[in-house]
Amino acid sequence: MSTRSPAPAPEHRGHDQAARHDPIYDELVQTEEFKEVRRRTGVFTIPATAIFLGWYLLYVLMSNWAHGFMSTKVFGHVNVALIFGLLQFVSTFLIAWLYARHMNNHVDDLAHGLDVRYNEEKTR
């Protein structure tokens, strides 16, 4: 039997923690370009998230408390609840497409410039 105590486990740092201690990253975070990337991203993501969550909550609340309306037949065996449920999928894909379009048109070039600056500083 060994009298040695086990070696301490190596410190594991996540990606975010490592980035916070990177002086190049710390400098880039302070730039106007970085702040603009964050602002442009938030301009889309915050309202889109709020709208989608509101739309989803409406679906859940209507399913729970508006049985009469949600069970209204639209045609054949298809009712309002089924259409609402299918529209959840449609809205998810629509938001993903709009997000990609927004990022391509308003954010990617600026973010790419920051990436290039980061990599140039890293290789010095």
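What's the number of the only condition in (1) at pLDDT 95 or above; (2) more than 21 Å from ASN104 (Cα to Cα); (3) touching a helix residue (DSSP H, G or I) at 6+ places or on another chain (Cβ under 9 Å) that THR45 fails to meet?
THR45 satisfies every listed condition except (2).
Could you tell me whether ILE95 is within 29 Å of LEU28 (Cβ to Cβ), out of contact with any strand residue (DSSP E or B) (no Cβ under 7 Å at 6 or more places or on another chain), in contact (Cβ under 8 Å) with a residue 12 or more places away in the chain and not basic (Lys, Arg)?
Spelling it out, ILE95 is indeed within 29 Å of LEU28 (Cβ to Cβ), out of contact with any strand residue (DSSP E or B) (no Cβ under 7 Å at 6 or more places or on another chain), in contact (Cβ under 8 Å) with a residue 12 or more places away in the chain and not basic (Lys, Arg).
Is it the case that the range 85-107 has a residue that's modelled with pLDDT of 95 or more and part of a strand (DSSP E or B)?
Scanning the range 85-107, I find no residue that is modelled with pLDDT of 95 or more and part of a strand (DSSP E or B), so the answer is no.
Is there a residue in the range 52-61 that is in a helix (DSSP H, G or I), surrounded by 13 or more Cβ atoms within 10 Å (Cβ to Cβ) and among the small types (Gly, Ala, Ser)?
Among the residues of the range 52-61, not one is in a helix (DSSP H, G or I), surrounded by 13 or more Cβ atoms within 10 Å (Cβ to Cβ) and among the small types (Gly, Ala, Ser), which makes the answer no.
Residues are listed down the side, and each one gets a yes or a no for (1) within 30 Å of the chain's Cα centre (by Cα); (2) surrounded by 12 or more Cβ atoms within 10 Å (Cβ to Cβ):
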{"residue": "ALA48", "(1), (2)": "yes, yes"}
{"residue": "SER63", "(1), (2)": "yes, yes"}
{"residue": "HIS67", "(1), (2)": "no, no"}
{"residue": "PHE75", "(1), (2)": "no, no"}
{"residue": "ASN79", "(1), (2)": "no, yes"}
{"residue": "PHE84", "(1), (2)": "yes, yes"}
{"residue": "PHE89", "(1), (2)": "yes, no"}
{"residue": "LEU94", "(1), (2)": "yes, yes"}
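The values are calculated or read from the model by the stated rules, or taken from the named source; none is laboratory data. All figures in this text were calculated on a predicted structure; none of them were measured in a lab. For neighbour counting, all protein chains shown are included, and Cβ atoms are generated from backbone atoms with ideal geometry for every residue, glycine included.
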